[in-house]
Amino acid sequence: NRLGYRGGGKQEIFLCHAYCEVGATDFEESLTAIRDFVVENPNEVLVLSIEDDVTPEDTAKAFKASGLLDYVYKGRLGPRPPTLRQLIDQGTPVVVMAENRTDPKYPWYHQQFGYVQETPYDFKTRKSLLPPPSCRPERGRPDNPLFLLNNWVETAPAPKPSNAKVVNSKHRLLRRAQACGRERGLKANLVAVDFYATGDLFTTVDELNGVR
């Protein structure tokens with residue numbers, strides 16, 4: 001999700017998709033909802049990838065005020081990231097990363113591309129998501145331990161469910177994830193899509209993880 005300031009007078013932080021002007025959600029309220037989810041689902045691990053257009057200080061204040069910071073992993077991510085079981089057992093199942101700015105004062109706020117390598121993310125057509133061209137490296141070093149598969153069609157200012165239905169189908173998504181994984185020598189640890197409930201995201205990820 002993208003973080004941005006919105007509103008005249010007093011600045012407040014909102015979650016947006018691409019453009020805050022066409023729709024935004026209060027950030028602290030969203031973090032509180034995530035905290036509640038984590039408390040109610042202690043065996044789930046969440047990775048928050050933040051496209052940050054606000055300062056690390058303001059982001060950290062919102063995490064603290066929401067109570068979510070108590071559940072955030074505060075150790076290092078590399079060169080060998082903690083396992084999901086380790087995160088759960090430690091009671092810190094939330095990993096937080098920023099695409100741009102971090103601050104040593106907040107060691108839990110990780111610079112994403114110090115640990116993650118990714119595919120391109122600016123696909124304009126469904127066809128452009130086909131491998132192998134869609135697997136080429138984008139941000140992050142080739143030896144980073146985590147692999148992010150970006151899988152959506154960019155139609156700013158708003159995404160289209162009709163595109164998601166096609167590119168999130170198991171036939172398309174599994175084929176691409178496996179092809180890109182072979183090219184990188186890594187399993188797709190993180191799969192980013194638009195409209196996660198449209199298509200076959202969960203069955204595809206289950207198959208990638210060997211879960212029946």
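The values are calculated or read from the model by the stated rules, or taken from the named source; none is laboratory data. These figures come from a predicted structure and were not determined experimentally. We place every Cβ from the backbone using ideal geometry, glycine too, and count neighbours over all the protein chains shown. Only protein heavy atoms, including side chains, enter the accessible area calculation; ligands, DNA and RNA are left aside. Shrake-Rupley method; radii C 1.70, N 1.55, O 1.52, S 1.80 Å.
State whether one or more residues within region 92-107 are among the hydrophobic types (A, V, I, L, M, F, W, C) and part of a helix (DSSP H, G or I). The answer is no, given that none of the residues of region 92-107 is among the hydrophobic types (A, V, I, L, M, F, W, C) and part of a helix (DSSP H, G or I).
Of all residues in region 184-212, those that are among the basic types (Lys, Arg) have Cβ atoms under 9 Å from Cβ atoms of residues that are open to solvent by 70 Å² or more (accessible area, probe 1.4 Å), 6 or more apart or on another chain, in Arg184/Pro137; Arg184/Pro142; Lys187/Asn209.
Of all residues in region 157-174, those satisfying the criterion of being closer than 29 Å to Pro81 by Cβ and open to solvent by less than 30 Å² (accessible area, probe 1.4 Å) are Ala164, Val167, Asn168, Leu173, Leu174. Taking residues in region 16-44 that are closer than 24 Å to Glu154 by Cα, and partners anywhere that are loosely packed, with under 13 Cβ neighbours inside 10 Å and of a type in the set (Gly, Ala, Ser), the pairs with Cβ atoms closer than 8 Å and at least 6 places apart or on different chains are His17/Ala158; Ala18/Ala156; Ala18/Ala158; Tyr19/Ala156; Val22/Ala158. What do you reckon, is Glu154 surrounded by 13 or more Cβ atoms within 10 Å (Cβ to Cβ), free of Cβ contacts under 8 Å to residues at least 24 places away in the same chain and either under 16 Å from the mean Cα position of the chain (by Cα) or part of a loop (DSSP other than H, G, I, E, B) (or both)? Answer is no for this residue. Consider region 175-212 and keep the residues that are open to solvent by less than 60 Å² (accessible area, probe 1.4 Å) and polar (S, T, N, Q). The one that is farthest from Cys135 (Cα to Cα) is Thr198. Are any of the residues in region 159-180 in a loop (DSSP other than H, G, I, E, B) and among the charged types (D, E, K, R)? Yes, some residue in region 159-180 is in a loop (DSSP other than H, G, I, E, B) and among the charged types (D, E, K, R). Looking only at region 71-81, residues that are under 14 Å from Val45 (Cα atoms) and either outside any loop (DSSP other than H, G, I, E, B) or modelled with pLDDT under 95 (or both) come to 3 in all.
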